[in-house]
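A.B. asks: Starting off with a structure, shown below.
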Amino acid sequence: MKTYMPSGKDIERKWYVVDASGQTLGRLASEVAAVLRGKNKPEFTPFMDLGDYVIVINAEKIVVTGKKVTDKIYSTHTGQPGGLREIPYKQMIATKPELVIKTAVKGMLPKNTLGRDMLRKLKVYRGAEHGHQAQQPIELKIKG
């Protein structure tokens, strides 16, 4: 019995749209990461990018639990001495809610070129409008 290995031409990518309003950040991110990775498909292979495209709308209406609203901090470094930049969650969700969701999903993907390719298939938008109606996205229900 031979093991089936999908090739590049066998991959059929779908488009999904997820409404983030009222969703918990981590639960939404883990579900989206699984779809981006292709874990919802029977032909899933860990070393191949078989995932689908995901559009997340209403990013500013995401919810976090506990004291994360006041305590969560996003850190970046410029590379210069003393270049640590820390932005609290409350400021980040007010100015760049798309980055909050992208950062959460990025942490749940592989840390290599494969993960970066998967992250390119994630589209996050602030409001309810997105420019991907031509792709006819299917609504993806997230529990939680």
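No value in this document is a laboratory result; all are computed from the given coordinates. Everything quoted here is computed from the prediction, not taken from an experiment. Here the Cβ is made from the backbone with ideal geometry for all residues, glycine too, and neighbour counts use every protein chain on show.
A.B. asks: Students often check this: by mean Cβ neighbours within 10 Å, which of 86-94, 18-26 ranks highest, and how do the rest follow?
C.D. replies: Highest mean packing first, the order is 18-26, 86-94.
A.B. asks: Given an 8 Å cut-off on Cα distances and at least 6 residues of separation, report the relative contact order of the chain as a percent.
C.D. replies: Taking the mean separation of contacting Cα pairs over the length of the chain, I get 34 percent.
A.B. asks: Further, regarding this structure: Would you mind getting me the FRET efficiency between V69 and R116? Use the beta-carbon distance for r and R0 = 30 Å, nearest 0.05.
C.D. replies: 0.50
A.B. asks: Please check which bits of region 28-43 a label hung off M1 would reach, taking the label as a point 7 Å along Cα-to-C-beta and the cut-off as backbone N under 18 Å.
C.D. replies: 42-43
A.B. asks: Pick from E98, E60, E43: which residue has the top mean-square fluctuation in a GNM of the chain where Cα pairs under 10 Å get a spring?
C.D. replies: For the chain, modelled as a Gaussian network with Cα springs under 10 Å, the answer is E43.
A.B. asks: Label 7 Å along Cα→Cβ of S21; region 96-137 residues with amide nitrogen under 16 Å?
C.D. replies: 125-130
A.B. asks: Have a look at D71, D117, D52 and tell me which one the Gaussian network model of the chain (Cα, springs below 10 Å) gives the largest fluctuation.
C.D. replies: D71
A.B. asks: How long are the three semi-axes of the equivalent ellipsoid for region 10-91, computed from the Cα gyration tensor as the root of 5 times each eigenvalue, in whole Å, largest first?
C.D. replies: Each semi-axis is the square root of five times an eigenvalue, giving 31, 19, 11 Å.
A.B. asks: Which net charge results when you count Lys and Arg as +1 and Asp and Glu as -1 among the other residues whose beta-carbon is under 14 Å from that of D71?
C.D. replies: For residues surrounding D71, the net value is +3.
A.B. asks: Using alpha carbons only, how many degrees (0 to 90, rounded to 10) separate the axis of helix 97-106 from the longest principal axis of the chain?
C.D. replies: 50 degrees
A.B. asks: I'd like the orientation of helix 25-37 relative to the chain: the angle between its Cα long axis and the longest Cα principal axis, in ° from 0 to 90, rounded to 10.
C.D. replies: Tilt relative to the chain: about 30 degrees.
A.B. asks: Hull surface divided by four, with the convex hull built on the Cα atoms of the chain: how many nm²?
C.D. replies: With the hull built on Cα positions only, its mean projection is 11.1 nm².
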